Amino acid sequence: MGGVEDEEPATKRVKLSTEELRGLSNGSSLIEPVSGSSSDLMARPLSSEGDEEVVGSKGVIKRVEFVRIIAKALYSLGYKKSGERLEEESGIPLHSSVVNLFMQQVLDGNWDESVATLKKIGLLDESIVKSASFLILEQKFLELLNAEKVMDALNTLRTEITPLCINGTRVRELSSRVVAPSQFVLVGSHSQDTVRAKSRSKLLEELQKLLPPTVMIPERRLEHLVEQALLLQRDACPFHNSLDKEMSLYTDHQCGRDQIPSQTLQILRDHSDEVWFLQFSHNGKYLASSSNDRSVIIWEVAVLGVLWYLEIVAAARLRRQPKMLTSKFSLSLHHGFKNRSVPARMAGIFRPSVGNPLILFHPKCRICTGVLAGMLSYQVDVNRGVSMKHRLCGHQKSVCSVSWSPDCNELLTCGVEEAVRRWDVSSGECLHIYEKAGVGLVSCGWSPDGKWIFSGVNDKSICMWHLDGRELECWKGQRTLRISDLEITSDGKQIISICKENAILLLDREAKVERYIEEDQTITSFSLSRDNRFLLVNLLNQEIHLWNIEGDLKLVAKYIGHKRARFVIRSCFGGLAQAFIASGSEDSQVYIWHRGSGELIEALPGHSGAVNCVSWNPVNPHMLASASDDRTIRIWGLNELNMKRKDAHSNGIHYCNGGT
């Protein structure tokens, strides 16, 4: 098999409401009358503000802040009495008396008083005072105009808003609206009072964002902190490959290696020669593989096969009317899949309460006893897996690459410096052959709308074709190599190709701008991330580089460990949110790294020849496929044995954020 440096053509390719003011939306005030001199209204330190007492074992959480944030959350959740009780029992008020007065004045529409109280809060930044005053007076202006008090509104604009000398553009907009006051009717409700109250609460939300958090605690602050903690745990976990909804506040997040597809579930042996390239369809329902045997095989992935997950509810109530089927049954999922029939000999079915999916369970497990309650994930093996749908023949040379249409109904295949063929996936029929006299095509790709195709040519140009075979445009010059990958971004603006041995071209078709990724080593292949932000570049020196191509080109990570000496080895993004990098290797193994940390987390043995290409199912994060010189394709999934038998001391468990 040809190496990368051979003279001969290389053959392997590969979300304040008033309720937050302690229920002030009903117009009543829970604030006690303020008496004494005006200096009594001045904001002073809260009674516990000077207390340096902290909570938590690390000594970093201030008790006052902690209690105030909890109180804020209670009010936000509608637990008014609980919030009041917390303030009373702790002696730590959510807001100072002057801030409470200010908020009430805003909700009551006492605009002049609220502006005066704002200045007594003690804000050091005069620009914040002016900006907040502008918002308040603007609301006053709008409500006066809405009440058809045009002269009063105009007076407010001239004598109160304009002297603030800020936001001139907005002042001019308000001035122009005086001419057409009907445009200022506040929208959103049947009652004017309700409309006004709603707009005032929104005004309070804007003021809250403007004022310092020590004065008014930001909305949903506690939720934000908790979410941040969970996401940090998730992102620090090298094995995280399950849905975020499975994360819990009760324990530190932990994932084990059993979330990584590391077990061979199926070996496909239908190619008669080395398998050079494979790729899952965008919807994850098909897999296409190309080989040195000049054929392409379209494989169908069983939607309810060994690698697809069902949610199973197990509860004692489900045992009352079990219904065991003897032939076939249909299972309806809430994941967008159509009903599918599966062998009944593998399972039984229950009908739970309305709103839940039909329940499937394995006859050998004890889930059906009702001992377990709630939801869990379980792999259902219906002995279907991946099966051949079509064998596509017609290429005169080895097939180096394939490309799925955006709708997954058609497939492009490219022979080595030969022609590109377009196939119907349903029937297996060849719909068109694209070729140019005197030259060979070396790569292929689709436009995002599926109306055009692109191909690299061995004269180093890139061509765009209409589906009917008409050549629409050709970019000549050093645009591609005889051994090349080709990608088109999902907006259709950029064409990406290897243009020199150590350079990748990013060609903007509309702006006609060319950018280049330049490496010190020879580039053998590359892969584009699903979000079009990153490019994974395989190099001759056994390194894989991750480049950020959004904005300025930047090298952000390197992955090492796999072996590459002679052949073109391909890598891919994969897993949940494409958090992993997988690659083939000449030592017959599949390598998997955590994308963020660069940590090598798996080296999967099984093949007996070089692994040329890998592809991760874009819909199922627990399904991976690999193609090898040993003429086989391996389908990798979760280790079901480890999933059923998780040990307390399992070496495969990774504990995040202090777990033991």
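The values are calculated or read from the model by the stated rules, or taken from the named source; none is laboratory data. Just so it is clear, the structure is predicted and the values come from calculations on it, not from any experiment. Cβ placement follows ideal geometry from the backbone for every residue including glycine, while neighbour counts extend to all protein chains displayed. Areas reflect the complete protein model, heavy atoms only, side chains present, ligands, DNA and RNA absent. Shrake-Rupley method; radii C 1.70, N 1.55, O 1.52, S 1.80 Å.
Some notes on this structure:
- Cross-link pairs beyond the 32 Å C-alpha cut-off, checked among Lys285/Lys554; Lys436/Lys563; Lys493/Lys563; Lys460/Lys563; Lys451/Lys558: Lys285/Lys554; Lys436/Lys563; Lys493/Lys563; Lys451/Lys558
- Using the Karplus relation 6.51 cos²θ - 1.76 cosθ + 1.60 with θ = phi - 60°, the per-residue 3J(HN,Hα) values for segment 66-80 come to 4, 5, 5, 5, 5, 4, 4, 5, 4, 5, 4, 7, x, 8, 4 Hz, with x marking Gly and Pro.
- Summed residue charge, Cβ within 15 Å of Tyr559's Cβ, Lys/Arg positive, Asp/Glu negative: +1
- Accessible surface comparison of Arg391, Arg595, probe 1.4 Å, protein chains only, largest first: the order is Arg391, Arg595.
- Heavy-atom accessible area order for Val99, Val619, largest first, 1.4 Å probe: Val619, Val99
- Rolled with a 1.4 Å probe across the full set of protein chains, the surface gives Leu203 an accessible area near 10 Å².
- 5 angstrom amide H check on Gln266, placed H, neighbours 5+ away: Ile635
- Interchain or long-range residues, amide H under 5 Å from Val442's placed H: Gly456, Val457, Asn458
- Under the Karplus curve 6.51 cos²θ - 1.76 cosθ + 1.60, θ = phi - 60°, whole-Hz ³J(HN,Hα) for segment 385-397, x wherever Gly or Pro sits: x, 10, 9, 5, 9, 8, 9, 9, 10, x, 5, 8, 10
- All other residues whose Cβ lies under 13 angstrom from that of Val115 are scored, Lys and Arg at +1 and Asp and Glu at -1, for a net of 0.
- Listed pairs Lys72/Lys149; Lys80/Lys119; Lys397/Lys476 exceeding 32 Å between Cα atoms: Lys72/Lys149
- Whole-angstrom gap from segment 530-557 to segment 94-113, using each part's C-alpha centre: 54
- Relative contact order for segment 216-304, counting Cα pairs under 8 Å that sit 6 or more residues apart, in percent: 16
- Backbone amide hydrogens, once placed in the peptide plane, bring Cys499 within less than 5 Å of Ile504, Leu505, excluding anything fewer than 5 places away on its chain.
- Couplings for segment 148-153, taken from phi via the Karplus curve 6.51 cos²θ - 1.76 cosθ + 1.60 with θ = phi - 60°, read 6, 9, 5, 5, 5, 5 Hz in order; Gly and Pro are left as x.
- Charge tally for Ala437 (other residues, Cβ to Cβ under 14 Å; Lys, Arg +1; Asp, Glu -1): -4.
- For the set Met388, Met103, Met151, solvent exposure ranked by accessible area (probe 1.4 Å, protein chains only) runs largest to smallest as Met151, Met388, Met103.
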